[in-house]
Amino acid sequence: MNNYLKKAILVGFAYFTAITGLQSQSKKLKKDSPKKVREFFVASLIKIGDPVLDALSKNQLKKLMPVEKSPGAWDKRTHVTYLEAFGRTLSGMAPWLELGSDETPEGKLRAKYIDLARKSIHNATDPNSLDFMNFVNDRQPLVDAAFFAQALLRSPKQLWEPLDAVTKENVIRALKSTRTIEPYHSNWLLFAGMIEAAIIKFDKDPDTNRLNYALSEHKKWYLGDGTYGDGPDFHWDYYNSFVIHPMQLDILTVLKETNNDYKADYDIELKRARRYAAIQERLISPDGTYPPIGRSLAYRFGAFQLLSQIALWKELPKEVAPAQVRSALYAMIHNQIQVKGTFDKNGWLQVGLYGHQNNIGEGYISTGSLYLCSEAFLVLGLPETDPFWSDAYEPWTQKKIWSGQQIPIDHAEK
C-alpha cells in the first residue's frame, strides 16, 4: 500500500470518526430539557465574556489579555484588539443584560455582569484610565466603536441610563471622535451609521450625512432573496449576518422612533432580514455544523447573529418554529464551544473555527476579533418563560429532511 493511499485512508477514517461523533452528540443533545439548554447558553456566554469584562472592569485588560495573531497579521494589532474584545462582547451580551437583575440565580448573574459592564464602559472611555481604548488610530476602531454603540442601543436601561454624567460625556466624545475615520465603500459604511444612530438616541448633533449615505448605498447593493452585496459585489461569506442586516435593523429602529418617514425602509429591511434568517436556519446541518465559506470564519457561531436577532425580535417566518431555532443554535454552539482549543488555559478565545486553527485568521484577526461570536447569544434577551425557551425540543429543517420528515417548500423573495 503506497503512502498516498495510507494517508487517504487515515484522513477518511478521521473524517468518519468526527462526523459519527457529532451525530452521536446531536442525538444526546435532543434529550436536554429547554431549561438545561438555556443554562448552557448562559454559561457559555459567561465563559466567553467573563475574562474580558472582569479584566476591563479592573483596568487590567491590556495587562491580562493575550494577543494572538494569524500568520499573515498586518501588524501587532495591539492598538485595536482591546476595543474589539470589549465592543463585540458587549454587543452580544447586551440583550441579556437588558432583562435586568432579579432574585433568581440567573438574575443574580445578570446583576454581576451589569455591574462589570458599567465599570468597563467607564474604564474604556476615560482618558485617564489604564484601559482607555483607542478610538481614532487606524481605521479598525470605527468597526468596534460601532459594536460598542450597538450594545448601548440594545441595552439602554442597563448600559446607558445608569451611567454617571462624566462617563456619558466620555462615551459620546469617544464615539464622535471616530468621525475622523473614513469607512471603506462596503459594509463599513454601516459602522459609521451605527455610531450616528447611537448619537441620535443618546445625545445630539448627529452627522446625518454619514448615516444616510450608509443606508442609501445599501439600498443600491441589495441583490434579492434577502441578500446584499458587500459593496457593489456579491461575496460568499457571512457578512449579511455579521454586520449588514443586524446593523441596518438597529439603525432603522432608532430612526423610525423619531421620524415616521423611515418606517417603510424599516419594514422592507425587516422582510429581507427575515428571509435571510430563514436561509440561515436551513444552513445548519443535522449535526449542527455549517459551511465554512468566506472570510472571518474565526468569528465562529457569530455567523448566525441574524438568526438569533430575528428570533429575539419574534419575527421568525411562520414556517420556522422558535424551538427549532433554539435546538439548531444549541447543537451548533455546543459543537464549537466544547471542542479542545477553543479557549486557552486562562479562558481566552483562540483563533479557529473548530478548536484552535490559527491559520484561518486573516491579517486583521487577533484575539479581540474573536469575541464577535458572542452575537449568537442575542436570544438570551428573551425571558426564560418565552416559548423560545419553554417549548419542547423541535428538529430544525435539515434535521427533519435528512431523517425522512416533511419540510415546507422553500421560496425566493424579491
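Listed residues 153, 99, 109; which is over 18 Å from residue 61 (Cα atoms) and open to solvent by less than 40 Å² (accessible area, probe 1.4 Å)?
153
Would you confirm whether or not the stretch 73-80 contains a residue that is more than 21 Å from residue 46 (Cβ to Cβ) and in contact with a helix residue (DSSP H, G or I) (Cβ under 6 Å, 6 or more places away or on another chain)? Spell out how you get there, then give the answer.
As a first pass, look at the stretch 73-80 and keep what is more than 21 Å from residue 46 (Cβ to Cβ): 73-80.
Remaining after also requiring in contact with a helix residue (DSSP H, G or I) (Cβ under 6 Å, 6 or more places away or on another chain): 80.
Within the stretch 73-80, one or more residues are more than 21 Å from residue 46 (Cβ to Cβ) and in contact with a helix residue (DSSP H, G or I) (Cβ under 6 Å, 6 or more places away or on another chain).
Can we say residue 414 is open to solvent by 40 Å² or more (accessible area, probe 1.4 Å) and farther than 18 Å from residue 274 by Cα?
On the way: open to solvent by 40 Å² or more (accessible area, probe 1.4 Å): yes; farther than 18 Å from residue 274 by Cα: no.
The answer is no for residue 414.
From the list 45, 83, 90, 116, which one is closer than 22 Å to residue 376 by Cβ, modelled with pLDDT of 95 or more, touching a helix residue (DSSP H, G or I) at 6+ places or on another chain (Cβ under 7 Å) and open to solvent by 10 Å² or more (accessible area, probe 1.4 Å)?
Values: 45 fails: open to solvent by 10 Å² or more (accessible area, probe 1.4 Å); 83 fails: open to solvent by 10 Å² or more (accessible area, probe 1.4 Å); 90 fails: open to solvent by 10 Å² or more (accessible area, probe 1.4 Å).
Of 45, 83, 90, 116, the one residue that is closer than 22 Å to residue 376 by Cβ, modelled with pLDDT of 95 or more, touching a helix residue (DSSP H, G or I) at 6+ places or on another chain (Cβ under 7 Å) and open to solvent by 10 Å² or more (accessible area, probe 1.4 Å) is 116.
Every residue, every condition in (1) open to solvent by 40 Å² or more (accessible area, probe 1.4 Å); (2) closer than 21 Å to residue 191 by Cβ, yes or no:
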site: 238; (1), (2): no, yes
site: 245; (1), (2): no, yes
site: 248; (1), (2): no, yes
site: 252; (1), (2): no, yes
site: 256; (1), (2): yes, yes
site: 263; (1), (2): yes, no
site: 276; (1), (2): no, yes
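Would you please name the residue that is most open to solvent (accessible area, probe 1.4 Å), looking only at residues in the stretch 135-150 that are charged (D, E, K, R) and touching an Asp or Glu at 6+ places or on another chain (Cβ under 8 Å)? Show your work before the answer.
Taking the stretch 135-150 and keeping what is charged (D, E, K, R), we get 138-139, 144.
Filter once more, keeping what is touching an Asp or Glu at 6+ places or on another chain (Cβ under 8 Å): 139, 144.
Details: 139: 81, 144: 1 Å².
Top of the filtered list is 139.
Would you say residue 315 is open to solvent by 20 Å² or more (accessible area, probe 1.4 Å) and either more than 26 Å from residue 39 (Cα to Cα) or not in a loop (DSSP other than H, G, I, E, B) (or both)? Spell out how you get there, then give the answer.
Numbers: open to solvent by 20 Å² or more (accessible area, probe 1.4 Å): yes; either more than 26 Å from residue 39 (Cα to Cα) or not in a loop (DSSP other than H, G, I, E, B) (or both): no.
Considered against the rule, which asks whether it is open to solvent by 20 Å² or more (accessible area, probe 1.4 Å) and either more than 26 Å from residue 39 (Cα to Cα) or not in a loop (DSSP other than H, G, I, E, B) (or both), residue 315 comes out as no.
Out of 364, 354, 371, which single residue is open to solvent by less than 60 Å² (accessible area, probe 1.4 Å), among the hydroxyl-bearing types (Ser, Thr, Tyr) and assigned to a loop (DSSP other than H, G, I, E, B)?
Numbers: 354 fails: open to solvent by less than 60 Å² (accessible area, probe 1.4 Å); 371 fails: assigned to a loop (DSSP other than H, G, I, E, B).
From the options 364, 354, 371, the qualifying one is 364.
The values are calculated or read from the model by the stated rules, or taken from the named source; none is laboratory data. Please read these numbers as outputs of a predicted model, since none were measured by experiment. With ideal geometry, Cβ positions are generated from the backbone for all residues, glycine too; neighbour counts draw on all protein chains shown. When the accessible area is computed, the model is the full protein with side chains, heavy atoms only, and any ligands, DNA or RNA have been set aside. Shrake-Rupley method; radii C 1.70, N 1.55, O 1.52, S 1.80 Å.
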